[in-house]
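So the structure is just underneath, and the comments pick up after that.
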Amino acid sequence: MRILYHHRTRSTDAQRVHIQEIAGAFRMLGHDVKLVSLIPTSKGEQNAHRDARNPWWQRLARRIPFAYEAVQLGYNLLGIPMLAWEAVRNRADLLYERYSLFNFAGVIVSKLCGIPIVLEVNSPFALEQGRDRDIRLIRLASRTERSIANLATRVVVVSTPLARILQASGVRPEKIEVMTNGVRLEHFVTRPPSSELRSSLGIRPDEKVIGFVGWFRRWHGIELLIEAFRLSGLREERVRLMLIGDGQAMGELRDYVRVNQLGNSVIFTGPMPHTRVPQYLDLIDIAVQPAANEYCCPMKILEYMALAKPIVAPRQENIREILREDAEARFFTPGDVQSMAEALRAVARDTNMARRMGERARAAITERGYLWTANAERVISGLRTWRSTSLKSEILSGDISSPI
């Protein structure tokens, strides 16, 4: 098939990885894929500072009433003709679009050119941007989100809670399919940790490392992780905490570490290109997801699993869709620092249990199909099922003559 992958993102960090990996998975299955976007997916690939911060125009638009809505709506003036041209020029068989708020380009071109479109929804942006006060036209955002999803051929969502949110907003349930994010196992091969890297970070051979990788934003719960580490008492038991990444909350986190005299126990690596992350994850003995919103599918959890790391994570529905409690992960009550501290202690103090959890996590990737190629296969299979069902409906309704 000839597939056009359309997105309206800056292609930062997890967005970039998601786009590149699903496109690569389609190609591995023998399909031709062309990426269509204003910003090349590879832009800033090795610029971790760019990924960690929102651009100046976005920060400005969010402060001016209705400006952010206008910018997002205005994209359609460029996106629709750009995508239509590529669809005709490449004789596309399928449009695959990463959903963005107020982005009608994909569904309009799908209707104009008679091409099916699969809409990949990673967040309910009307709810999310309204809750974060990035937009003010919340009702309009909700209506357009519902319309775009209902106009799509198929809607792929990353969690059951997200599917439930879309259904509650009026998206037809028969359109929706839950599809967890994935990994490419060949990119996450377990290796002995680098003694040189450990030494450069000041980690002694007899010390264990609890780690987190991601962007430092307030809702990521990193401040809770640092507090839970302090309460756990593990720093007196030759355990260090390593935080891999950067972001707007970095200054506050460093201040907290300094005020609580944790400087010798907490390691900040600074911004890190995604290609270098695995070698730092090799140093981690216990991986943590300190917080998550109620509808996401954290890619870092899947990467932790691929590297056979025991995981400490919040006990909530979307996380429990990925991990089994006390099999691959130790759960804690979301937002409860004491509960997180207890979970950290339990895993850090039981080396054999931690090893078994990591082994089961790695095995679960293939057993449950948390692979980008499996996701790509499901998209194509679902599309063929839709085409078959549509053809039968047309035959039965008399819209076309039976080929038999």
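The values are calculated or read from the model by the stated rules, or taken from the named source; none is laboratory data. No experiment lies behind these values; they were computed from the predicted model shown. Positions of Cβ are backbone-derived with ideal geometry, glycine not excepted, and every protein chain shown enters the neighbour counts.
Residues checked against (1) of a type in the set (Lys, Arg); (2) modelled with pLDDT under 90; (3) more than 21 Å from the chain's Cα centre (by Cα):
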site: Ser199; (1), (2), (3): no, no, yes
site: Ile210; (1), (2), (3): no, no, yes
site: Trp215; (1), (2), (3): no, yes, no
site: Phe229; (1), (2), (3): no, no, yes
site: Glu236; (1), (2), (3): no, no, yes
site: Gly245; (1), (2), (3): no, yes, no
site: Val266; (1), (2), (3): no, no, yes
site: Arg276; (1), (2), (3): yes, yes, no
site: Asp285; (1), (2), (3): no, no, yes
Q) With respect to Gly74, is the statement that it is at pLDDT 90 or above, among the small types (Gly, Ala, Ser), touching a Lys or Arg at 6+ places or on another chain (Cβ under 7 Å) and within 23 Å of Gly106 (Cα to Cα) true? A) no
Here the residues within the range 297-306 that are part of a loop (DSSP other than H, G, I, E, B) and at pLDDT 95 or above are Cys297
Exercise. What do you reckon, is Val33 surrounded by 13 or more Cβ atoms within 10 Å (Cβ to Cβ), closer than 15 Å to Ser100 by Cα and at pLDDT 85 or above?
Worked result: no
Those residues of the range 114-127 which are free of Cβ contacts under 8 Å to residues at least 40 places away in the same chain and among the acidic types (Asp, Glu) amount to none
If you go through Ala141, Ala163, the only one that is over 25 Å from Glu321 (Cβ atoms), in contact (Cβ under 8 Å) with a residue 12 or more places away in the chain and assigned to a helix (DSSP H, G or I) is Ala141
Among Leu94, Leu112, Leu38, the single one that is modelled with pLDDT of 95 or more, in the same structural domain as Glu377 (by TED's automatic domain parsing), of a type in the set (A, V, I, L, M) and more than 21 Å from Val158 (Cα to Cα) is Leu112
Exactly one of Gln46, Gln58 is assigned by TED's automatic domain parsing to the domain that holds Val156, touching a Phe, Trp or Tyr at 6+ places or on another chain (Cβ under 9 Å) and at pLDDT below 95, and that residue is Gln58
Expected single match for more than 26 Å from Glu342 (Cβ to Cβ), in contact (Cβ under 8 Å) with a residue 12 or more places away in the chain, in the same structural domain as Thr351 (by TED's automatic domain parsing) and surrounded by fewer than 21 Cβ atoms within 10 Å (Cβ to Cβ) among Pro205, Pro193 is Pro193
With criteria (1) over 26 Å from Gly211 (Cβ atoms); (2) modelled with pLDDT of 95 or more, Ser393 comes up short on (2)
Checked pairs for the range 281-305, first in the same structural domain as Val213 (by TED's automatic domain parsing), second assigned to a loop (DSSP other than H, G, I, E, B) and acidic (Asp, Glu), C-beta under 8 Å and 6 or more apart or across chains, list as Cys297/Glu321; Met305/Glu328
